[in-house]
Structure formats: structure tokens, C-alpha cells
1. If R165, R759 are ordered by their accessible area, calculated over protein heavy atoms with a 1.4 Å probe, which sequence runs from highest to lowest?
2. Could you calculate the contour length gain from N233 to A604, that is, 0.36 nm times the residue separation minus the distance between their Cα atoms, to one decimal place in nm?
3. So what J values fall out for the stretch 329-335 if you push phi through Karplus, 6.51 cos²θ - 1.76 cosθ + 1.60 with θ = phi - 60°, rounded to Hz, Gly and Pro as x?
4. Using a 1.4 Å probe and ignoring any ligands, DNA or RNA, find the accessible area of K199 and quote it in Å² to the nearest 10.
5. Take D182, D535, D717 and sort them by solvent-accessible surface of the protein heavy atoms, 1.4 Å probe, largest at the top.
6. Determine the order of H695, H668, H798 by accessible area, beginning with the largest, at a probe radius of 1.4 Å.
7. Compute the helix-to-body angle for 616-636: its Cα long axis versus the longest principal axis of the chain, expressed 0 to 90° and rounded to tens.
8. Can you tell me the 0 to 90 degree angle between the C-alpha axis of helix 547-559 and the longest principal axis of the chain, rounded to 10?
Amino acid sequence: MAESWDGNHDPGSPSEESCHLERLHIEPIYDAFICPLTKQVMQDPVTLENGMTFEREAIEKWFKECKDSGRKPVCPLTHRDLKSTELNPSIALRNTIEEWNARNEAAQIDMAHRSLSMGSAEGDIMLALKFVQHLCQKSRANKHVIRNADLIPMIVDMLKTSSRRVRCKALETLLVVVEDDDDNKEIMAEGDNVRTIVKFLSNEQSKEREAAISLLYELSKSKNLCGKIGSVNGAILILVGMASSKSENLVTVEKAENTLENLEKCEINVKQMAENGRLQPLLTLLLEGSSETKLSMAVFLGELVLNNDVKVLVARTVGSSLISIMRRGSMSSREAALKSLNQISSDESSAKILIEAGILPPLVKDLFFVGANQLPMKLKEVSATILANIVNTGYDFDSVPVGSEHQTLVSEDIVHNFLHLISNTGPAIECKLLQVLFGLTSSPTTVFNVVSAIKSSAATISLVQFIEAPQKDLRVASIKLLRNLSPHMGQELARCLRGTSGQLGSLIKVISENTGITEEQAAAVGLLADLPERDRGLTRQMLDEGAFQLAISRIVSIRQGETRGNRYVTPYLEGLVKVLSRITFVLNDEPNAVSLCREQNVAALFIELLQTNGLDNVQMVSAMALENLSQESKNLTKLPEIPKPSFCVSIFPCLSKPPVITGLCKVHRGTCSLRDTFCLLEGQAVDKLVALLDHTNEKVVEASLAAVCTLLDDGVDIEQGVHELCEAEGIKPILLVLLEKRTETLRRRAVWAVERLLRTEDIAFEVSGDPNVSTALVDAFQHGDYRTRQIAERALKHVDRIPNFSGVFPNTG
């Protein structure tokens, strides 16, 4: 044997390595086998006229160089002229060389077979792998030799060795072995070979990852192997990650992308890609595939969980196609399309794309149509769900035709059809259609049309009855719809709830449930809160059913942190406070309301709620309730009993002295307390209300100013009221409200308050020197409504801006 491989040889460049491997012969090399020009064993020996033998390619190159340089052809060994450049094949020599090569290669393959084992030295394994690469690169036919020698499984086993160099070289060798050879690729499909290669995609070493992705890319060119690669758990997810990676080198990213493109030949892989965020292949098949493929992809799309960005992509790419299937497809195709559209429509942006693609007419037709080819009820439920998703986008549905006569979703006959379906289908569809109406009534541009249609169909009682439905979703949808309707048909809803059917009790029962704070509870308390607060009959019935005691209990529980907070706690608390405030609107003619407020110390609770910073509605409603309570203080305060004069005093009045009575409220002139007469002074609420006059929310300022103004109202000692406001440093904030002119209501209220303040000479004198206040009063005098102009005139008289004689307007108290 001329030379055997061992671990001591470390060839340099690839060409040197190739030469080295060429020299690893078992039998000696005969001189006749060597080309004089290339110094290598000949593969296609040819003989010249002088009997010299060369490698065909080498001698042809020599003759070309002679011709190009203008020289006569000569023999490269003898340098004598040749009469002819004819080349005669040396068939016998070529056969002898081939036989010699075959014997050597067989021996070398046998040596490689022995070296490719776990017990061999790393150097021997590396050289064996290099030999296999060289042999395959030398001739494609040698790949069959490698396969027949069962070397491929042995090379795969090298992937499990602890040597990083060996693993990387084994991956490179397998790439050479399987490249453009389907038979060798089929061997790679056996066992867990593919799974072993996929593992390298997650390897920390970039060289091994690069070698593995190159090998996988080559294997993926075989359709049979595409399914095998895709079946490895996590393979497609890893490839998708690599293809979108910003940290991998560009070659690796490109190979991963190309591998995925090859794997798209298998539909199951396409579905896996969609699950892992690579949706375009699925969408392409849905658009361009066969009927069966389109159906399969649509069904799968309907089962996917998509993020909102992907939903927009899907809507833009296949929305129109799915809508077309929904119009004209078979029942199974329509079902798949509807389920996919249901997924897409749950995002606002994608839903708007579907509206513009024309989804509404077929959707409405599917819901209303009865006859041959009508949708089964379970699919009508899906249609109703899609419609419920779409109407919650805030789109202008009054401009989108859905019927043959250009009706829209809010046309009277369309709404009547919705109401008919709501009353004549099952709970699931009823729930979705109630959500549709909820969406339509959430828009200020469409709510009036829906309200009008509900009134014309006399459907209010039917809608209210759903409050008692056993299904929670149905109850929630109903309550949310009724809440949207309450600002526009509050009296009708109040009448229905005041009836004997028990819906009011059902609402109160929902609010009272101790299961945390749910959407249903927030919606129920919101509905009660939005009903007309001056409906005494409803308030009386709520009083009888314990609604106000419940509201107090729940408010206190939330304030003390006993009720678990979640995203519904704020609307729930706001609703409770507003429900409780209803009782303050009936104090003057409902003794039970006064008794309850006293027993529960409601005034103190509302004063506490003034300090819930960040909850503007709670502060506003609390201030409004305190205004009502304070208005009632002058009726509830106990005026002192003055003793009858003695006989002598009755005859000689000059002998009398006015009785001295202590402990009286200076403003209300009687005995007051926060609990019994709701006195703001006794409750130390004035400074808290004054603090809210600087609030950024105009509604809070309006309510707080109105409550403060009860200390300046007719029936109380206005001078003392002014004094209390001075003590609370409330004069300047009231003047600032006037100067800011934030809303017309605020200006009107501020002008009224300032006029009362200016009745005190000291304040009038101080204000008269402030041109800004005078200018604000003049502006109100010139541009306010009739009542405001009257009051502004009186205020200007106090600061001597208008002479104090009969003015432009008659003086009214």
C-alpha cells in the first residue's frame, strides 16, 4: 500500500486536500497511469502520432496554447514538430486505469467504513469524511457507490459524536452525498435522521447551524422529504424564526426561506406555517389551489387564532374571495368561509376592510333568507356573530346599502327583521343580534334610527324581558343594549321596569351578586343609573326593593378594598354612586327617602366620595347629590322656639330683651347636623367643594359650584353663606370660574353666585377694582340669555358699573 490515512496529515487548501486524497492508493501507481503534463492519474488517456500518451484535456489545452501563440504544434515532451494533432483514445490503458481505480476505491471505501465508527480517532474520521466528499465530487456515479457501501447511516451517526469538528464535517459530507441524488435523500428519510439534523438548527454554534440548514434545504427539494421535515416537532417553527431573524447571517436566512418555500409543496406544512405566523402560503393556496385545497385551507383558517395584524393581512388578501364563496359556494364551502370571516372580523381594522369588500349584503341576506339553500341555524349564528363584530367598528352604516331597495342596517324594515329574529330564534342568535343592535346604538349617527324602529315595532317590553334570561351572555347583551337606549327612551324603559314582571328585581339581583365585579354587574348598575333620575315611581320601587341600601353597601365595600378590583370596578362604582344619587331627587316628598339618608348617613358618604381623585364622574355625581341634600337642609333644620313674652313685657315691650339661643347653624338659622339635616357646614364639605372648582373637568366644576351655591340660595342667610365661603377661601375660585368662561352653563351659574357675593359691601368694593371681573360681567350682560343678563345687571350695579336706578330690565328677585 503506497499510503494509509492517519490523523497526522493536515492538508491545507482544498486543492492540496484533493491531491492528497488522490494519492491515498492501496496498489502502487504505475508510471504509465500518470499524465506527463498534469502529473496525475489519467481518466481519458489519448496517444499522439509519436506514441506519447497524455490526459485528453491537458493535451488539448497544450495545442490551443501553441495555436494562440502562433507556434507549430509540438510534442510537449520531445518538443519536436507534429504533422498532425489527431488524438487517438488509449482504450486499453483507460480500462486498466479504471480497473485499478475501482480496486483502490473499493479498498479506500472499506478503510473509510472502518474509520467511521465511534471508537476511531478524530483524525481518521475526519479524513474518511473528506474522502467520501472527494469521491462524490469526483463523479456523481460514486454517490451510488457510497450508498451501496452503507456509508450514509454511518455518516449520520457521526452527528452524535462529541467532537464539534466531526459533527460539522459530517453535515457537510451528507450535503455532498445527497446533492442532486434522490435515492440518497430517501435514505436520509429513514429513522430519525431528519430529526437529528433539525436539532442542529437550534445549536449555539453558527457553523453547525449553517451546515444543517444547507443540508435541510437540499433535502427539502425532495417532495417525499418535505412531509418528513415538517413532521419533526418544532422544525417549521424554528425555520420560520430563522427566516425572519435579524441576527443570523444573510446566507442562513436565505437558506431557511428557501427551505420553507420547498416545504410549501406539502399542505400539512402550509398549515403548520400558518400556525406559526407564516400565513402567506396558506392564503396563496386559498386563492389559487384546487377546489378541495381551497376548502381545506378555508376550514383551517377558520380554526386559527390570529393576532390583529395578521387579520388585516388576511382580510386584504382573501377577504373578497371568502365573501365570494359565501355568496355562491356549496354549503360546506360557505361554512368554511363564514368561520374564516368570523375570525377576521373580530378586529376593527380588518372588519372595515370586509365592509368595503361588500360583506354586509350577503351577510344580511343569509340571516333573513328562508327557503331552499338557506343557512342552517348554527351557521346563521356564525353570520350573526360576524355582523356583531362588524357593527362594533364605528363605521357609518347609514351609508352602506344592504338590501335590494338600498336599505341600510338601520332602515326601519331591517331593524324590524332583527327584532323579529330576536324574538323567534334560539339564545345564541338572539345574543348576537342584541349585540348587533348594541353596536348600532353605540353610534350617534345611527342610534336614532334604531330607537325609532324599536318604538314603531313596540318591542321595548320584549327587549326588557331578556333581563331575566337564564343565559348570562344573553342577559349582558340585553342590558348593554337597554343602557344605550335609556338616554333616548328612558321613560319607556322606566315604565317597563316599574311593572310587576320582576325585571327591576332581576337587575338588582345581578348587582348584588358576590362574584367579584363582572361586566354584567357593571352594565346592570349602569342601566339603572342612566334611567331618568326624577322618575319618582321608579325611585320609590327601587327604595322598596332595597336598591339604595345595596348601593351603599357595595360603595363602602369598594372604598374599603373588600371587593376585588378589575377592569369593571370603575364603571361599577360610577354606576352605584349615580344610582344612590337618585334618592336625593325625591327628598321633598318622600319621607322614606329622607329616613334612609339619615339612617345610612348618605351625606357623609357623598362628601367622602368627593375626594376620589381620578374618578370625575364619581366626583360630579357626588357634588350633584350634595346639592340636592343641601337644598333640603333649609326644610329639615329645626328652627328655635322663642318663649312667649311675660305679662309685663307684653304690656311694656321696652322692658324685653331678645332671647339668646346658642348652637344654631348660621346659614340655616336652626339646629343642623350632617346626618339629620344634611348640612354642608356641619359636614365640613365646603372646603372640599371649593377645591373642586379648580378641576379640569367642566362637569365636575359645574356640579361643585351648584352645591356651593346652595349656601347663597333664597331661604338661607346669604350673608352668613358668603362669610362661610370666605372662611373656606372660596371667593377667588368662584371669580375665576366666571373669568374662564369654560361653558355657558358655568358662566350662568358663576354670574348668579358672583351677584350674591357682591351683595356684601366689602367684597363688592374689592371686586370693583378688578377690571377683569367687571369685563366678564359686562360680557355676560351683553351676550348671556335673558335670565343671565338680568343677574349680570344687578351684579354690575353692586360694583357701580351701572347706575342704581331702574335699568334696562325690570328688577326681579
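1. Listed by decreasing accessible area, they come as R165, R759.
2. The N233-A604 span can extend by a further 127.1 nm.
3. Values per residue, Gly and Pro as x: x, 5, 4, 5, 5, 5, 4 Hz.
4. 130 Å²
5. D182, D717, D535
6. On the way: H695 35, H668 10, H798 65 Å².
I get H798, H695, H668, largest accessible area first.
7. 10 degrees
8. In the chain, helix 547-559 runs at an angle near 60 degrees to the longest axis.
The values are calculated or read from the model by the stated rules, or taken from the named source; none is laboratory data. Values in this document were obtained by computation on a predicted structure and should not be read as measured data. No Cβ is skipped: glycine too gets one built from the backbone with ideal geometry, and neighbour counts run over all protein chains shown. What goes into the accessible areas is simple: the full protein's heavy atoms, side chains included, and nothing from ligands, DNA or RNA. Shrake-Rupley method; radii C 1.70, N 1.55, O 1.52, S 1.80 Å.
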